[in-house]
2 protein chains.
Amino acid sequence: MPKTHLAQILGDVYLLRVDDEETRYFEALWEIGNKGITYNSYLLMSDDAVVLLDTWKKTYADEFLENLRELVDVRDVTHIILHHMEPDHSGSLRKVLEENGFRAEVLGHQLSKNMVRSFYGVNGKFRAVRDGERLSLGGLTLEFIHTPWLHWPETIMTYLGDRGVLFSGDAFGGFSIPSAIFDEDRIVPGYLTFVKEYISTVIGNYRQYITKNINKLMERNLDVKMIAPAHGLVWKNDPKAVIDFYLKVAEGVPEKGKVLVIYASMYGACDAAAGIVIRELERNRKKPIVYGFTDSERPPISGLMGDAADAESMVIITPTYESDVFPLISYITDMISRKIPGNKPILILSSYGWAGVAGKRLAERFEIAKFPVVDVVEFHGRPDEDSEKRIIESTRKLVSYV
Amino acid sequence: MPKTHLAQILGDVYLLRVDDEETRYFEALWEIGNKGITYNSYLLMSDDAVVLLDTWKKTYADEFLENLRELVDVRDVTHIILHHMEPDHSGSLRKVLEENGFRAEVLGHQLSKNMVRSFYGVNGKFRAVRDGERLSLGGLTLEFIHTPWLHWPETIMTYLGDRGVLFSGDAFGGFSIPSAIFDEDRIVPGYLTFVKEYISTVIGNYRQYITKNINKLMERNLDVKMIAPAHGLVWKNDPKAVIDFYLKVAEGVPEKGKVLVIYASMYGACDAAAGIVIRELERNRKKPIVYGFTDSERPPISGLMGDAADAESMVIITPTYESDVFPLISYITDMISRKIPGNKPILILSSYGWAGVAGKRLAERFEIAKFPVVDVVEFHGRPDEDSEKRIIESTRKLVSYV
């Protein structure tokens, strides 16, 4: 049985949260391991209306209904708002509507209408809400804001005007299962690491929309007192903190001195090169964070992406594999190119047995993705004295570039 | 301590084998898990010469020397033959030469000369051997055969003429740690699965050279009585069996009825499509082998490649991810395109939320790699009744294509 939480987070606003400790690969892709993730749904109760905002992943539909029943007769739910259609939030919709007798009106962006049908076979009442539209429901004033690509195109947020609560969907959420509901000082710093990881993996490709949509929210002069996202902590003590943090990650603001060193090593040659780079970085008072893919280690690419987001610069070291970049490094390069801001200079090293081609190809790919490539050093087999010198020089070049 | 084996496999021919149970990712890539792999070195002793053929991975250099010392004073080794330079076999070279006092002559393809220096800093006596060259050493007649791209360009084999032993390097080897030294009937069938996996992953990209080099060996009319590869079983009962098996895998000869179904599923839509395909395949008396990448499962791509090699056809099911093919499916497509013969018809299915683009892109990639794409079915969200019909029809199309 998953752990669930039911909490009154404000007068007539309830949080329903489930702690998903089962998902090992979020979106079947990101290795969240045993960190887990939460799905947050919210319920608003007024005199005339019972408004449900999002649900839980389908796996937890039964538990969702059990929790919902503790707050309300499910037949009394009058409105269900879908902030976006991704099934980790919309997955229990059908079961809720079945118990509800399909009485509730489903609200969402007009693009969600077809998806409600094709994802869940639901052909019921659907109301498309427009950007900026307000809806008064028995003393509650809801304002809908279209925030496209956070992280699906049809994403909306709901602002509960009277209370200053912004229900933000995926935005302002993070991985992990925080030990509290709210943004308590003692847990925020640790949790932000998982927020960073979530942004760089799940939303990274749409990072310019983080900035755009936050600007859009700002322009409305909303008096946001609480941010209630669909994953992780609810921000009531310092909602501005998570907005600023999202902006910072979206823009790739670097942590001073942090250098991400990514290498794969089939038989130790690239491992040796990584050692040379790391020692030289430390000599220059840099803080290398190292991800090594070897015959015994395969670190999570999810964590690597989080560390790429606020790195000051990166070193990528690849073996030559079948006259090309090593496949795992190629995969990681694809992920970084899509999801990480290109304001990080990159040093590329590669080991070859036959011909130095992998380093140049990798450089081209990063250049196309608008990352400045500071240098490319290719060496035959294990780095010999001369290669070591070239690696040290190029590391210094990277250090002085920043 | 790793398990090691020292065996006299013929009058003056010894096997030195180590069972590597530590490597989880062979070449830092292939998930051999706890199957393991062996490194086989051989020693020939004659009146005037002590000939070492290959060594072990560097990790086991100390154990290698311990075993070698049981057979011979290491200072007495006169020749070291390197069949190819990949460090899982050449890795202990330096330590052996140090204990040997650099007396032994190192023999290999002339392309190996520079690599011996740049991989191990060894600048000693090196003799480049030519294709077809014979060498008589105190009653032993060695014949060297250049077998390029099995699996490095400088690969040679050594044929011990008097005894009919072919020392074949990587070729005719396989993954896993067989419970015996020789090709005993009771273990061969199970072991061949790991041979297939080894071929499709490590040598797959060079599969045309398997056929070419076997033809070359055949043309020489060698009287091969025993095949002694650098990994896995020594073939003395039926050496022809492993030659035929290598040819079969290289050519992708299908197992009748075997259909490989590969899918990724972020939230269950592609999972549902896989279910429809699998039921229809079974209705048609096909044998689906399924690899599903989900939020809880990530099966080994190494095993998948083995199953691709002798599949009769394949079904690939991908979610749409950021307007493209799902990254893991993209990675797998790259591996299959490079390493698996294109004689397998493919059915492609894809689920989309916004627009059907992933299926078409995947089809293009397989077509470029010369795989016949039988059909592409794209469906919105979870397959509805109509999509189910289209999936069933296309599955029948695949079945009747074969």
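The values are calculated or read from the model by the stated rules, or taken from the named source; none is laboratory data. Source: prediction; values computed, not measured. Counting neighbours? That spans all protein chains shown, and the Cβs are built from the backbone with ideal geometry, glycine included.
Quick look at the values:
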read-out: Filtered residue count, the stretch B:330-351, keeping only those that are facing chain A (nearest Cβ under 10 Å) and either of a type in the set (D, E, K, R) or closer than 19 Å to residue B:266 by Cβ (or both); value: 6
read-out: Pair list, Cβ < 9 Å and 6+ apart or interchain, from the stretch B:246-271 residues that are away from chain A (no Cβ under 14 Å) to residues that are in a strand (DSSP E or B) and among the basic types (Lys, Arg); value: B:255/B:287; B:256/B:287; B:257/B:287; B:258/B:287; B:259/B:287
read-out: Failed criterion for residue A:230 (all others in (1) in contact with a helix residue (DSSP H, G or I) (Cβ under 8 Å, 6 or more places away or on another chain); (2) not assigned by TED's automatic domain parsing to the domain that holds residue A:189 hold); value: (2)
read-out: Where a residue in the stretch A:1-15 is over 17 Å from residue A:64 (Cβ atoms) and its partner, wherever it lies, is part of a loop (DSSP other than H, G, I, E, B), with Cβ under 6 Å and at least six apart; value: A:10/A:163
read-out: Subset tally (residues that are within 18 Å of residue A:84 (Cβ to Cβ) and in a strand (DSSP E or B)) for the stretch A:31-60; value: 9
read-out: Selection count where residues are within 28 Å of the chain's Cα centre (by Cα) and either within 11 Å of chain A (Cβ to nearest Cβ) or surrounded by fewer than 18 Cβ atoms within 10 Å (Cβ to Cβ) (or both), scope the stretch B:114-132; value: 11
read-out: Residue check for residue B:193: assigned to a strand (DSSP E or B), among the hydroxyl-bearing types (Ser, Thr, Tyr) and out of contact with any Pro (no Cβ under 6 Å at 6 or more places or on another chain); value: no
read-out: The listed residue being in contact with an Asp or Glu (Cβ under 9 Å, 6 or more places away or on another chain) and within 14 Å of chain B (Cβ to nearest Cβ), out of A:296, A:323; value: A:296
read-out: Residue B:137, sole failed condition from (1) within 14 Å of another protein chain (Cβ to nearest Cβ); (2) touching an Asp or Glu at 6+ places or on another chain (Cβ under 8 Å); value: (1)
read-out: Per-region count, the stretch A:359-382, residues of a type in the set (Gly, Ala, Ser) and within 14 Å of chain B (Cβ to nearest Cβ); value: 1
read-out: Some residue of the stretch B:3-20 being more than 26 Å from residue B:224 (Cβ to Cβ) and more than 18 Å from the chain's Cα centre (by Cα); value: yes
